[in-house]
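Take a look at the structure set out below.
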Amino acid sequence: MFLEWLDPPYDAGHWIPDMFEWSGCTSSLDSSQKPTRKSVRILWEQLYDCDPDVVLIGCCGFDLKRNMMDSIQAMDKLKPLRAFREGRIYAAD
C-alpha cells in the first residue's frame, strides 16, 4: 500500500500503480475498492480490512523528513496494521 496522504488517507494513483506492477507487487485494494488508476480517498477501516504487508508513506509534495514526521504523528492510526506490527512501514520522498 502506498499512501500519498494520511489525513484523510489516500491510496496512491496515477503512475504509482504501474510502478507497483513493474516491481511484481499487487495492490492491497481490489478493483471494487479502487475502480480507477487515480489517487482515491480511502477509509481507515478499508486499510485495516485489507491489512497490507507493507505500507509506504509518501505524502504528495513533502520531502522525506516531513513524511517521517507525519508517519510518526499517524502512529495510532497505523498501529492496527500487520505492516506496523512487523516493522514494514516506510516513509518515502
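Just wondering, is there one or more residues in the range 78-91 that are under 15 Å from D7 (Cβ atoms) and in contact with a Lys or Arg (Cβ under 7 Å, 6 or more places away or on another chain)?
Scanning the range 78-91, I find no residue that is under 15 Å from D7 (Cβ atoms) and in contact with a Lys or Arg (Cβ under 7 Å, 6 or more places away or on another chain), so the answer is no.
Would you check which residues across the range 73-82 are without any contact (Cβ under 8 Å) to a residue 60 or more places away in the chain and within 15 Å of L56 (Cβ to Cβ) and list them?
Of everything in the range 73-82, those that are without any contact (Cβ under 8 Å) to a residue 60 or more places away in the chain and within 15 Å of L56 (Cβ to Cβ) turn out to be L78, L81, R82.
Take A74 and tell me if it is within 13 Å of Y90 (Cα to Cα) and small (G, A, S). Spell out the reasoning first.
Details: within 13 Å of Y90 (Cα to Cα): yes; small (G, A, S): yes.
Answer is yes for this residue.
For a quick check of your reading of the model, give me the residue pairs whose first member lies in the range 49-66 and is on the phi < 0 side of the Ramachandran plot, whose second is buried (at least 20 other Cβ atoms within 10 Å of the Cβ) and in a loop (DSSP other than H, G, I, E, B), with beta-carbon atoms closer than 6 Å and at least 6 apart or on different chains.
Final answer for the pair search is C50/S28; P52/M1; P52/S28; V55/M1.
Only residues that are under 12 Å from the mean Cα position of the chain (by Cα), among the small types (G, A, S) and at pLDDT 95 or above: list them for the range 75-93, please.
Of everything in the range 75-93, those that are under 12 Å from the mean Cα position of the chain (by Cα), among the small types (G, A, S) and at pLDDT 95 or above turn out to be A83, A91.
The values are calculated or read from the model by the stated rules, or taken from the named source; none is laboratory data. This structure is a prediction, so every number in the text was calculated from the model and none was measured. Heads up, the Cβs are rebuilt from the backbone with ideal geometry, glycines too, and the neighbour counts pull from every protein chain shown.
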